[in-house]
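First the structure, in the form of structure tokens, and then the observations on it.
The values are calculated or read from the model by the stated rules, or taken from the named source; none is laboratory data. All of these numbers come straight from a predicted model, not from anything done at the bench. Heads up, the Cβs are rebuilt from the backbone with ideal geometry, glycines too, and the neighbour counts pull from every protein chain shown. The accessibility values were calculated without ligands, DNA or RNA, using every heavy atom of the protein model including side chains. Shrake-Rupley method; radii C 1.70, N 1.55, O 1.52, S 1.80 Å.
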Amino acid sequence: MLNKVLTALLGLTSGLLVATVFFADIGKQDDGASTLQSVAEKVYVPQGQKDEYYLLSSGGHSGQLFVYGVPSMRKIRTVPVFSVDAATGYGFDKHSKEMLGGYTWGDFHHPAVSETAGDYDGEFLFANDVANNRIAAVDLTYFHTADILKLPNMGGPHAGVFVTQNTEYIALPTRFARPVSDEYAALDRYDEAYKGIVSMVQFDREERKFNLAYQIVLPPWSYDLSDAGKKVSGDWIVMTTYNTEFATSNQEINASQKDRDYLVLINWRKLADQVATGDVPEVDGVKMVDPRDVEGSIFAVPTPKSPHGVDVTPDGTRFIAAGKLAPLMTVFSFQKAFNAIEQGKFAGEEFGIPVIAYEDVLEREVDPPGALGPLHTQFDDRGNAFNTMFISSEVVKWNIDTGQVLDRKPVFYSPGHATSSEGDTVAPDGKYLIAGNKIAKDSFLSVGPSHPESADLFDISGDTMQHLVSVPVDPEPHYSQMIKADKIKTEVVYAKDENRPNSVWASKDARVERKGNEVHVYGIAMRSKYIFDAEAERPDALTVKQGDRVVFHLTNIDLDQDITHGFGIMDYDLNMEVQPGQTNTLEFVADKSGVFPIYCTNFCSALHQEMSGYLLVEPQ
Ligand code: RUQ
Ligand code: CUA
């Protein structure tokens, strides 16, 4: 039966050049009801039990972070990061509105959990916004976005974010080259006026703040993906490039001319040392270092045609490029690169960057027959690599030391990234792998011409991969992080802090202060009422004059797990959330006169419907 269904599915899938290979494989898996039962048991997490891993998944052009549990693949939470979110009032309240910087959407591709000694420490998650050149930090204690930094001079930090092994730096290389300082330069001046930039960002965990430490100036290539070295390669970052052709239009053809593009190796420690000497120019207050001025800090390695991902092996000895337009994975050796650098053995120069010969860094090419469109590489704990194949819709497992292909399994369909459990660390644990698919086609109940994205979960603990389940997911699953659940320590409530600015903890202290045309409310939200002004005849009604600037500071004094209150103001297009123990601020100009009901938007008690008030705006 399973075979019949899969044959039908495969039959519907055009472009599956190696369907017969898959077919044979799946046949092997199908040994009847007992297999189905054991698969079902592996993903079933009974009520009262919790998942073993968090999957922290990028939300792509939704700009959000999605949290799933593995192995159940149940979606647990949306955490708003780069885009306005009506449900939580993110982008409406003062703090998040200021953090978003006026943008309403973002394009979040690559999350990275903060690391200590090359291991996920579970404190923060960093995210890139390819659309509006930002980096965000999500505090994993509260699952709230803590800071967002706008990066100047970038053309989409697609190739980030990857953290160095103690989170010293977060590297974000640019996708599009642009002139720096927001200058105008016609595309005819691409070669000299456009720059490829890498932002090197630091994050202060105490202050919960980013700092743009320095930027690296590079040729106007497109930087696609990057990874930070580990252990022996810990001082290095490695990045893929495409468009070394300098195409300024019709990239589809013009950026795919050459048989080789480059991998770029950068020694971030040398550059950081140079920046520390103070001997680097500043542009608009940003330190800009040209690695060609810093001996031994940059090298290029030719690599097959428009590579996409590059991933450093958990032991830090090798970096693996996924070909994209060349149907192979290329394994390079850091030690070989270091040897060539030490011996000064170069094949030439490109833009003043020493180029190391391909053969001098190459360890092997891995070219599974019929496997097309390799995009990204993941790892287990037994020396194996896993590659997503976008065009042939499969995951390929192979041994890093021998290059031997060990297993191939279909996915549904067209995977981009894969994510293995604890995959970016020095010690992946080899239990699960998730393929993040771009296309679901006919996998689920139809919802029209466009279908959801999807993810396939595999058990990778055995010799061959076992497909467990396909699930629809929110857009768009680029990269994700799969981290052991016990590494994340969340808070149940915001601690009561009497000294917190604008907080009010006792009903009698709720008050309204007027200064000119500013009205500040220091109020309380609790089950099941608002108190704006304890002294007023109607403590939950606020009267202001048209044109007043109104600032609601609300403290949720219900210090109980999950008792969150909302605060929606009708016809003012405003909503915010106040989590237990939190103080949140909503600021706006009351420019419309009239009577505007206020109500709690988060179902909080049996009297939730009664949790309401009025905003009365007297006409001018
Ligand atoms: S990329 S699908 Cu935006 Cu991460 Cu490879
Ligand atoms: Cu408070 Cu509903």
* Asked: Counting only protein chains, not ligands or nucleic acids, how are Thr490, Thr419 ordered by accessible area (probe 1.4 Å), most first?
  -> Thr490, Thr419
* Can you give the angle from 0 to 90° between the axis of helix 268-277 and the longest principal axis of the chain, with both taken from C-alpha atoms, to the nearest 10? -> 60 degrees
* Could you give the angle, 0 to 90 degrees to the nearest 10, between helix 334-343's Cα long axis and the longest principal axis of the Cα atoms of the chain? -> 70 degrees
* To do: Report in % the part of the accessible area of the chain that belongs to carbon and sulfur, leaving out ligands and nucleic acids; probe 1.4 Å.
  => 50 percent
* Estimated inter-spin distance, Glu498 and Ser605, nm [label 7 Å along Cα→Cβ] -> 2.4 nm
* Asked: Residue separation times 0.36 nm, minus the C-alpha to C-alpha distance between Tyr184 and Ala347: what's the value?
  -> 55.1 nm
* Asked: Which aspartates and glutamates, on any chain, are close to Lys515 with Cα under 19 Å apart, when same-chain ones fewer than 8 places away are left out?
  -> Asp533, Glu535, Asp548, Glu587, Asp591, Glu618
* Largest first, how would Thr248, Thr585 line up by accessible area (1.4 Å probe)? -> Thr248, Thr585
* Asked: Full extension from Glu513 to Val283: what is 0.36 nm times the residue separation minus their Cα-Cα distance, to one decimal in nm?
  -> 78.4 nm
* To do: For each pair in Lys231/Lys397; Lys195/Lys287; Lys397/Lys438; Lys324/Lys431, compute the distance between the two Cα atoms and list the pairs where it is over 22 Å.
  => Lys231/Lys397; Lys324/Lys431
* Asked: Taking square-rooted eigenvalues a ≥ b ≥ c of the alpha carbon gyration tensor, is the chain rounded, prolate or oblate, where a/c under 1.5 means rounded and, failing that, a/b exceeding b/c means prolate?
  -> oblate
* Per residue accessible area of the chain, 1.4 Å probe, in Å² -> 41 Å²
* Using a 1.4 angstrom probe and counting only protein chains, how large is the accessible area of Thr104 in Å², to 10? -> 90 Å²
* To do: Among the trypsin sites (Lys or Arg not before Pro) in the range 329-390, which ones are in a DSSP loop with at most 16 other Cβ atoms within 10 Å of the Cβ? Mind listing them?
  => Lys345, Arg382
* Structure fact -> Taking Lys97, Lys230, Lys75 and ranking on accessible area (1.4 Å, protein atoms only), highest first, one gets Lys97, Lys75, Lys230
* To do: Give the shape of the range 175-310 as rounded, prolate or oblate, defined through the alpha-carbon gyration tensor: a ≥ b ≥ c are the square roots of its eigenvalues, a/c under 1.5 means rounded, and otherwise the shape is prolate if a/b is larger than b/c and oblate if not.
  => oblate
* Calculate, for Gln47 and Ser446, the FRET efficiency according to 1/(1 + (r/R0)^6) with r their C-beta to C-beta distance and R0 35 Å; round to the nearest 0.05. => 0.70
